[in-house]
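Data block below; observations after.
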Amino acid sequence: QVQLLESGGGLVQTGGSLRLSCAASRRTGSSQAMGWFRQAPGKEREFVATISGNGGTTYYTDSVKGRFTISRDNAKNTMYLQMNSLKPEDTAVYYCAAGLGALIMTKAQSFRYWGQGTQVTVSS
């Protein structure tokens, strides 16, 4: 069992930056891919970014490419999402997730463990 805790959300103006963190309760190591998802009010949860177990492979949804960067520090059991050039449409609750395999995944059902979410609000 892995517990995930997100932090770093908040209110920011358009064009601003935030860095989200996701701390795991135990070592996930290189055997677990991880990812970020988000859910805006009235919308379904959507994939944002994923990173392989060893951090060597990443993948992003088109709307955040060039603006968001996913990374991880396995020694600290922590994953990050650096978000730059934020837009109002990025407003959502952001969730981190951990899977059971090391390869990148984009579908929510592929992830086994989920955090409680952190709110990101981008004002126009």
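The values are calculated or read from the model by the stated rules, or taken from the named source; none is laboratory data. In this text, all values refer to a predicted model and were calculated from it rather than measured experimentally. FYI the Cβ positions are ideal-geometry reconstructions off the backbone, even for glycines, and counts take in every protein chain you see. Ligands, DNA and RNA are excluded from the accessible area calculation, which covers all protein heavy atoms including side chains. Shrake-Rupley method; radii C 1.70, N 1.55, O 1.52, S 1.80 Å.
Provide a single number: the residues in region 102-124 that are assigned to a helix (DSSP H, G or I) and closer than 26 Å to Ser85 by Cβ.
So the answer is 1.
I need a count of the residues in region 52-82 that are more than 16 Å from Gly8 (Cβ to Cβ) and either touching a Cys at 6+ places or on another chain (Cβ under 7 Å) or acidic (Asp, Glu) (or both).
1
Residues checked against (1) surrounded by fewer than 16 Cβ atoms within 10 Å (Cβ to Cβ); (2) under 10 Å from the mean Cα position of the chain (by Cα):
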{"site": "Ala24", "(1), (2)": "no, no"}
{"site": "Arg27", "(1), (2)": "yes, no"}
{"site": "Gly35", "(1), (2)": "no, yes"}
{"site": "Ala40", "(1), (2)": "yes, no"}
{"site": "Val48", "(1), (2)": "no, yes"}
{"site": "Ile51", "(1), (2)": "no, yes"}
{"site": "Lys65", "(1), (2)": "yes, no"}
{"site": "Ser71", "(1), (2)": "yes, yes"}
{"site": "Ala75", "(1), (2)": "yes, no"}
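Do we find that Tyr94 is under 24 Å from Gln13 (Cβ atoms), in contact (Cβ under 8 Å) with a residue 60 or more places away in the chain, surrounded by 17 or more Cβ atoms within 10 Å (Cβ to Cβ) and not small (Gly, Ala, Ser) in this structure?
yes
What is the one condition in (1) open to solvent by 40 Å² or more (accessible area, probe 1.4 Å); (2) touching a residue at least 12 places away in the same chain (Cβ under 8 Å); (3) under 14 Å from the mean Cα position of the chain (by Cα) that Gly55 does not satisfy?
The one condition Gly55 does not meet is (1).
Given (1) out of contact with any Lys or Arg (no Cβ under 9 Å at 6 or more places or on another chain); (2) free of Cβ contacts under 8 Å to residues at least 24 places away in the same chain, identify the lone condition not met by Met105.
In the conditions (1) out of contact with any Lys or Arg (no Cβ under 9 Å at 6 or more places or on another chain); (2) free of Cβ contacts under 8 Å to residues at least 24 places away in the same chain, Met105 misses (2) alone.
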